[in-house]
Every structure is written in C-alpha cells, then in structure tokens.
Amino acid sequence: MFQKLPDYLNEKSNIIRLIVLTALFALVFINIYEPFNSRSWKPGISEMAYFLYSSLITLTGVLVVVISRIIMYYHCKHGKTLLIWHYAVWVLAEITVMSSFYALFEILVMHDQRSVNALMKGSITNTSLILLLPYAILWLYFSYLDKKKKLELIESGENEPTKKSMLSFSDEKSDLKLSIQTEQLLYLESADNYVKIYYLNKGKLTNFMLRNSLKNIEESLSGTALIRCHRSFVVNFDKVKVLRKEKDGIYLALDQENIPDIPVSKTYTERVMAKFSLYSV
C-alpha cells in the first residue's frame, strides 16, 4: 500500500484505454443489468430509444472518470508521487462522486420516492461494479504488458546499463541550458522550482542551477545510468561506489570525495535495488 503507484497506470495511452473501456463496460452493464432503476427513466419507449437514452446518461456519469484521470495525469506530471493507497482513495472518491451524480439524477429528474440512504446505497453498489471491474482487468493487463516489455528488453540486452556520451538539459521552456559528458555527471538535486546539476569540471565539483523539475528531467534520462532514488535526488549509478543499508534507510556513496551520501527513499527503493542487481551481474 505504501509502494509507489506503477508508472504504467498513469501513461497517457493507458489512461485513454481505461476511459474507453470503462465507458464501453458501463454501456453494456446498464443496458443488460439495468441498474439505477433505469427502465423507469423512459417507460414505454423502444429498445433502441432506451439504449440511446441510457447511453447518454451513462456517458455523462463517466465524465467523472475523464476529469479525474486528467487531474491525476497532470498531478503526477508536475512531480507529485502517488502511492498505491493514494490511488485507492482516489478511486473511492471517483465512486462517491459518480454515485452522487446518479442518486441526484434519480431524485431530481426521475422523482424517485425512495430515501436518500437507499438510493445512495444502491448507487454505490452499481457504480462500484461499473468502475472496479474494468479497473481491475486493465491493471492486470497493463502489468502484463509492462512485464513483457521488460522481459524483451532483458533478452535483447537493451536493459543493461548504458552510457550516453553527452546529456543535454533544458529548462521548463525547453530551452537548452547545459550539455555535459555522462561520465562527468554526478547527481541532480531538487531545489524548489529549480534543479541543481552537480558535475566535475576539470576535476572540481561544480553545480549548475536549472529552472525545471526533476520529474520533467527524469523522463529524458530513460536508458541512461541516471536513476531517481529520492524525491529530491537523481544519481548517476555509474558513479556509485557503495550501496549502504542502515536502520534509517539506504544510502549511496559516490566515488568522489567531499560529496555527501545520497539517500534512497522508500518510494524508490525497489527501483534502485533493481538497478543495483543489473550492475551486480
């Protein structure tokens, strides 16, 4: 529950898949199972008219998912970390909001005479089925695709630590500000709305202040030896001399003097250990 939410759940393509499948599942569910007392919405109408009318109401409710996932995507894109328990609460909030929408629809539009508690109870049950089933299926599917991709990379050798002769860093406006040889780069540190890039210049420790976020920079480091190990740090694993476990966590000691050990937070422990295992082969 305290692990970081898998990145594949917040990829743009997977979000689109989730929204589309959830909408399709909701359409099938409401037209076959007929929840929310939906047959009373338009009594006496034809099957086709009922399908069109119920579909319109269903898709209106699914807008909750669309808005929610857009917010989640940009929340993470701006450097925020979501844990699995955060995601569970997020989904619970989606169910609550969508359930409230359908309950209000039955009260205000359909003039349902049942109590609010009875309407909400039934609405929460039906909405949970509409959302949780496709969510669970897609999580398993996305996990399968992710593991398949990683296995293919391992088999092809592309997942081994690699070096780029040069790394370029741009600011938040995508303007190039610094290019540096990978072997000279030590680590990156977040500093409010800036990132400090620490590197060796003629053998001396130097830093460059860049207006950007670690989250944005991290996306451009895929396939390099640089890895996010903490909310505030990205480290060049080629420069790590010692990985040390202590009571308060894991620390990385670099191969340069006068550089403080880099902490590894619990959120990134699994990722760091996976990287370490590649270097230990």
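The values are calculated or read from the model by the stated rules, or taken from the named source; none is laboratory data. These numbers come from a predicted model, not from an experiment. Please note: Cβ atoms are built from the backbone with ideal geometry, for glycine as well, and neighbour counts cover all protein chains shown.
Once the range 268-280 is narrowed to residues that are in contact (Cβ under 8 Å) with a residue 60 or more places away in the chain and loosely packed, with under 15 Cβ neighbours inside 10 Å, the residue that is nearest to the chain's Cα centre (by Cα) is 270.
Selection over the range 217-256 of residues that are farther than 23 Å from residue 167 by Cβ and of a type outside the set (Ser, Thr, Tyr) gives a count of 8. Among residues of the range 244-267 that are in the same structural domain as residue 226 (by TED's automatic domain parsing), none has a beta-carbon under 6 Å from a residue that is exposed (fewer than 14 other Cβ atoms within 10 Å of the Cβ) and aromatic (Phe, Trp, Tyr) at least six positions away or on a different chain. Scanning the range 81-115 for residues that are part of a helix (DSSP H, G or I), over 30 Å from residue 214 (Cα atoms) and among the small types (Gly, Ala, Ser) returns 99, 100, 103.
From the list 165, 213, the lone residue that is among the hydroxyl-bearing types (Ser, Thr, Tyr) and at pLDDT below 85 is 165. Every residue in the range 224-243 that is in contact (Cβ under 8 Å) with a residue 12 or more places away in the chain and surrounded by fewer than 14 Cβ atoms within 10 Å (Cβ to Cβ), please. The one that is in contact (Cβ under 8 Å) with a residue 12 or more places away in the chain and surrounded by fewer than 14 Cβ atoms within 10 Å (Cβ to Cβ): 241.
Applying the set (1) of a type outside the set (A, V, I, L, M, F, W, C); (2) part of a loop (DSSP other than H, G, I, E, B); (3) touching a helix residue (DSSP H, G or I) at 6+ places or on another chain (Cβ under 6 Å) to residue 257 leaves exactly one unmet item: (3). Scanning the range 216-253 for residues that are at pLDDT 90 or above and among the polar types (S, T, N, Q), which turns out nearest to residue 172 (Cα to Cα)? Across the range 216-253, the extreme among qualifying residues is 232.
Does at least one position in the range 70-80 carry a residue that is modelled with pLDDT under 80 and either under 23 Å from residue 129 (Cα atoms) or not assigned by TED's automatic domain parsing to the domain that holds residue 140 (or both)? Checking the range 70-80: not a single residue is modelled with pLDDT under 80 and either under 23 Å from residue 129 (Cα atoms) or not assigned by TED's automatic domain parsing to the domain that holds residue 140 (or both). Among the residues of the range 267-277, is there at least one that is basic (Lys, Arg) and either in a loop (DSSP other than H, G, I, E, B) or touching an Asp or Glu at 6+ places or on another chain (Cβ under 6 Å) (or both)? No, because not a single residue in the range 267-277 is basic (Lys, Arg) and either in a loop (DSSP other than H, G, I, E, B) or touching an Asp or Glu at 6+ places or on another chain (Cβ under 6 Å) (or both).
Being among the aromatic types (Phe, Trp, Tyr) and farther than 24 Å from residue 7 by Cβ, is that true of even one residue in the range 216-234? Spell out how you get there, then give the answer.
Quick first cut of the range 216-234, residues among the aromatic types (Phe, Trp, Tyr) only: 233.
Filter again for farther than 24 Å from residue 7 by Cβ, leaving none.
Checking the range 216-234: not a single residue is among the aromatic types (Phe, Trp, Tyr) and farther than 24 Å from residue 7 by Cβ.
Assess whether residue 25 counts as being surrounded by 15 or more Cβ atoms within 10 Å (Cβ to Cβ), aromatic (Phe, Trp, Tyr), closer than 18 Å to residue 130 by Cβ and at pLDDT 85 or above.
Working: surrounded by 15 or more Cβ atoms within 10 Å (Cβ to Cβ): yes; aromatic (Phe, Trp, Tyr): yes; closer than 18 Å to residue 130 by Cβ: yes; at pLDDT 85 or above: yes.
So residue 25 fits the description; yes.
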